[in-house]
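Contents: one structure, followed by commentary.
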Amino acid sequence: MNVAIVKYNAGNIYSVVNALRRMGIEPLLTDDAEKLKTADRVLFPGQGHAAEAMDYLKARRLDEVIRDLKQPVFGICVGQQLLCKHSEEGDADCIGIFNAEVKRFQPERHEDKVPCMGWNSLHFAQNEELRESNPLMECLGDEPYVYFVHSYYVPICAETIAVTDYILPYSAAMHKDNFYTCQFHPEKSGKVGEKILRNFLNVKG
């Protein structure tokens, strides 16, 4: 399988490369439009500043390339946020696959720390029907734990397939057409994260 990872000015990309290598996949890290278009699967991971990331993508017209991809695409962490319409981080207009506004966490109590950092559980009750029919969430068990690091979040919306709660409930994973996303880091989430990556690789292209 030809798996490509979008190369742009974001951190944490190599942890996804290494996770795939542990699974026996040698991914191609690239910002070449043609190589992204012809890949069987495209991953769009990373940590970083939304506005700066969008400036990089737009300068190379990679925002248009990603928007037009037809094969399965997996946005991870800031990749999920950049696939939304707009982010409060740097007042950035994003790629716009999901009609959602990315918000900054607003602490309500002294113990509410930003960024959110650590393990939290996934819940599916808000959209059980969609979860049961969604290949990304198959065979994870009830309330699996995954690892989060982020200061911004996507509110719950029609495309939400998994929810977690930190300060407030928000979208932990989303799906629309050929685009799948998660706010957490599957590459840092042990066996559950590996299962999610395998689920993505196995979705029908």
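The values are calculated or read from the model by the stated rules, or taken from the named source; none is laboratory data. Quick caveat, the model's predicted, so the values are computed rather than measured. Every residue, glycine among them, receives a Cβ derived from its backbone with ideal geometry; neighbour counts consider all protein chains shown. For the accessible areas, the whole protein counts, side chains as well, though only heavy atoms, and no ligand, DNA or RNA atoms are used. Shrake-Rupley method; radii C 1.70, N 1.55, O 1.52, S 1.80 Å.
Brief remarks on what is shown
- Charge context of Met54, other residues only, Cβ under 9 angstrom, K/R +1, D/E -1: -3
- Taking every DSSP bridge with both residues inside the chain, close to 60 percent are antiparallel.
- Cα shape, the stretch 53-205, gyration tensor, a/c 1.5 rule: oblate
- In the chain, helical runs assigned H by DSSP with n ≥ 4 each contribute -39500 (n - 2.57); averaged across all residues and rounded to the nearest 500, the mean residue ellipticity at 222 nm is -7000 deg cm²/dmol.
- Order by protection proxy (mean Cβ within 10 Å, highest first), peptides 135-148, 155-168, 75-88: 75-88, 155-168, 135-148
- For the residue pairs Lys113/Lys176; Lys37/Lys176; Lys103/Lys195; Lys58/Lys103, the C-alpha atoms sit more than 26 angstrom apart in Lys113/Lys176; Lys103/Lys195.
- Taking Cβ atoms as reference points and 12 Å as the exclusive limit, the residues near Arg41 contribute a net charge of +2, counting Lys and Arg as +1 and Asp and Glu as -1.
- Its Cα gyration tensor gives the stretch 1-83 an equivalent ellipsoid, and the semi-axes of that ellipsoid, as √(5λ) in whole Å with the largest first, are 19, 15, 10.
- Order of exposure, largest accessible area first, which applies to Ser189, Ser15 with probe 1.4 Å: Ser15, Ser189
- Positive dipole terminus of the chain, leading residue within Ile167, Pro27, Ser87 (C-beta point charges): Pro27
- Cβ-Cβ FRET estimate between Arg67 and Glu111, R0 fixed at 35 Å, reported to 0.05: 0.35
- Computed 3J(HN,Hα) for the stretch 140-151, one whole-Hz value per residue from the Karplus formula 6.51 cos²θ - 1.76 cosθ + 1.60 where θ = phi - 60°, is 9, x, 8, 6, x, 9, 9, 9, 10, 8, 5, 10, glycine and proline marked x.
- Accessible area in the full protein assembly, largest first, 1.4 Å probe, for Tyr56, Tyr8, Tyr14: Tyr14, Tyr56, Tyr8
- The portion of the accessible surface of the stretch 67-205 made up by carbon and sulfur, rounded to a whole percent, is 47 (1.4 Å probe; DNA, RNA and ligands excluded).
- For the stretch 57-99, the equivalent ellipsoid derived from the alpha-carbon gyration tensor has semi-axes of 16, 13, 9 Å in decreasing order.
- On the basis of the beta-carbon distance and an R0 of 35 Å, Arg22 and Glu143 show a calculated FRET efficiency of 0.90.
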